[in-house]
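Structure, as C-alpha cells:
Just so it is clear, none of the values below were taken in a lab; they were calculated from the coordinates. Quick caveat: nothing in here was measured; it's all calculated off a predicted structure. Neighbour counts run over all protein chains shown; Cβ positions are idealised from the backbone, glycine included.
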Amino acid sequence: MDELITQLYPLPSSERQLKGLYLSHNLRQYSHVSKKPFVYANFIVSLDGRIAVPHEDGNGQAVPTSIANERDWRLFQELATQSDLLISSGRYLRDWAAGRAQEILRVDDPRFSDLKGWRLDHNLPPQPDIAIISSSLEFPIPEVLTKSRRKVIVFTTNNPDLERVKEIEATAGKVFVAGDSSVSGEKMVQQMHELGYHTIYSAAGPKILHLLLKGGVLDRLYLTQTNRLLGGQPFSSIVEGDLFDAPIGVNLHTLYFDSHGLDGLGQLFMSYNLANQPIPKSEMNPQ
Ligand SMILES: NC(=O)c1ccc[n+]([C@@H]2O[C@H](COP(=O)([O-])OP(=O)(O)OC[C@H]3O[C@@H](n4cnc5c(N)ncnc54)[C@H](OP(=O)(O)O)[C@@H]3O)[C@@H](O)[C@H]2O)c1
C-alpha cells in the first residue's frame, strides 16, 4: 500500500504518511484543555452525498461497498483508537446480531496491532466502552459485548419499557433516560461527562449526528469524500432530521488528498471544527 498522501490544508502543502495521520491529530488533548468531553464523528461519503444505500441482501441499508476502502478504514480505526467511549445505535446491534456488522475497533486485527500498542502506551483498556442510543430498546445484546470487561451504557427516551430496562441492566449495563421523544445530545453528553468519559467518538449514523448537532455537543466532523458518484434511491446522507433552527457553521481544520485511494480515482480526507466550539490555539495548525 502506497502510504503517501498530500496535505492541502493547512498550507504549506506537504507529503504525509497515511499511517499515523489521524493519530497525529492528538484528540485526547482537547478535553484536558476545555474540561468537557471532546465529541467527534466520522463518515465516508460518495461524491453525490450517499453514506448508505440498500443492503445487497435486501434488508435495510449499508455503507456502499463501492466506496468503502482500506485506506479510509485505517483512518477510521485511528479515530476509534483515541476514544474512551464509542457511540453506536440500536440499529447497529440488530445488524450485528444478524451477522451484518463487525466490531467497531479492530484491535484483534493484525493490521492494526500498532493501534493496540498505542492504547496500551496511553494506559487505555484494549477496547473503548460503548454507548448505545435507542428509543425502542429493541436490540439483542451480543455476547462479545458482555464477555469483555468494557462497560455498556444505553441512552433512551422517556417512559421506557421497565421490564426491558431491567433485562438490559441485568445483562449489559446501565440505561439512562436522556430526552422525551428523542435522546437529547446535550443531556446525553452531560451524563457521559459525569460518568468520566473525555474523548467520545460517534461511529453511528445520520440521525445520531443530527441529535449531536442539535444539542450543540459535536466538536469535530471527519469526512472522507470519495471520487465516485452512485445515484439511486433511497439513500442516507450524513445528517437526517428536522431543519436546524439556524444553519450550523463549520471551520475547515485539515484537508488531505489521497491520490492512491479507490484504485487511483482518489479521495479527500477532510476534518471540520464546529464553529461554535472553542479550538485551542495550539491546534489551529496541526503538523
Ligand atoms: N458511510 C458511513 O460512514 C456511515 C457511518 C455510519 C452509519 N452508516 C450507515 O448509515 C445507515 C444508518 O445508520 P444508523 O442506523 O446507525 O444511524 P442512525 O439513523 O443515526 O440511528 C439509527 C438508530 O439509532 C436510534 N436513534 C437514532 N436517533 C435517535 C434519537 N433521536 N433518539 C433515540 N434513538 C435514536 C434508533 O434506534 P432504535 O430503532 O433502536 O430506537 C435508530 O434506529 C446504516 O446503513 C449504516 O451502515 C454509514
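Estimated purely from DSSP H runs of n ≥ 4, each contributing -39500 (n - 2.57), the mean residue ellipticity at 222 nm for the chain is -6500 deg cm²/dmol once divided by its residues. For THR171 and GLU194, the FRET efficiency from 1/(1 + (r/R0)^6), where r spans their Cβ atoms and R0 equals 22 Å, is about 0.40.
Set the Förster distance to 51 Å, then compute FRET efficiency between ASP109 and ALA246 from the Cβ-Cβ distance, nearest 0.05. Don't skip to the answer; put the middle values down first.
Values: r = 42 Å, r/R0 = 0.82.
Computed FRET efficiency for ASP109 and ALA246 comes out at 0.75.
Restricting to the chain, compute how many DSSP beta bridges are antiparallel as a %, nearest 5. Intermediate values should be presented prior to the final figure.
Numbers: 25 of 50 bridges.
For the chain, the DSSP antiparallel bridge percentage is about 50.
The lysines whose alpha-carbon is closer than 30 Å to the alpha-carbon of LYS174, local same-chain residues fewer than 8 away aside, are LYS35, LYS36, LYS116, LYS147, LYS151, LYS166, LYS187, LYS207, LYS214.
Per the Kirkwood definition applied to all pairs of different Cα atoms, how many angstroms is the hydrodynamic radius of the range 112-191? Don't jump to the answer; show the numbers that get you there.
Numbers: mean 1/r = 0.0716 Å⁻¹.
The answer is 14.0 Å.
Got a sec? How would TYR256, TYR9 order by Cβ neighbour count within 10 Å, fewest to most? Numbers along the way, then the final one.
Numbers: TYR256 22, TYR9 14.
Ascending number of Cβ neighbours within 10 Å: TYR9, TYR256.
The Rg/Rh ratio of the range 13-126, with both radii computed over alpha carbons and Rh defined as the Kirkwood radius, is 0.98. Residues considered: GLN267, GLN77, GLN17. Largest GNM mean-square fluctuation over the chain, using C-alpha springs under 10 Å, is found at GLN17.
Ranking LEU18, LEU229, LEU223 by Cβ neighbours within 10 Å, fewest first, what do you get? Working shown, then result.
Working: LEU18 22, LEU229 11, LEU223 18.
Lowest to highest Cβ neighbour count: LEU229, LEU223, LEU18.
If N is the number of residues in the range 4-283, what value comes out of its Cα radius of gyration divided by 2.2 N^0.38 Å? Write out the running numbers ahead of the final one.
Values: Rg = 18.4 Å, N = 280, 2.2 N^0.38 = 18.7 Å.
Normalised Rg, Cα atoms only: 0.98.
Label separation (SER66 vs ARG28): 4.0 nm, computed from points 7 Å beyond Cα along the C-beta direction. Given the Cα-Cα distance of THR6 and ALA275 and 0.36 nm per residue of separation, how much length would full extension add, in nm? Value of the extension gain: 94.3 nm. Ordering ILE104, ILE51, ILE200 from the fewest to the most neighbouring beta carbons within 10 Å gives ILE104, ILE51, ILE200.
Gain in length, ALA98 to LEU47, computed as 0.36 nm per residue apart minus the alpha-carbon separation, to one decimal in nm? Please list the in-between numbers first.
Numbers: separation 51, 0.36 × 51 = 18.36 nm, distance 2.95 nm.
Roughly 15.4 nm would be gained on extension.
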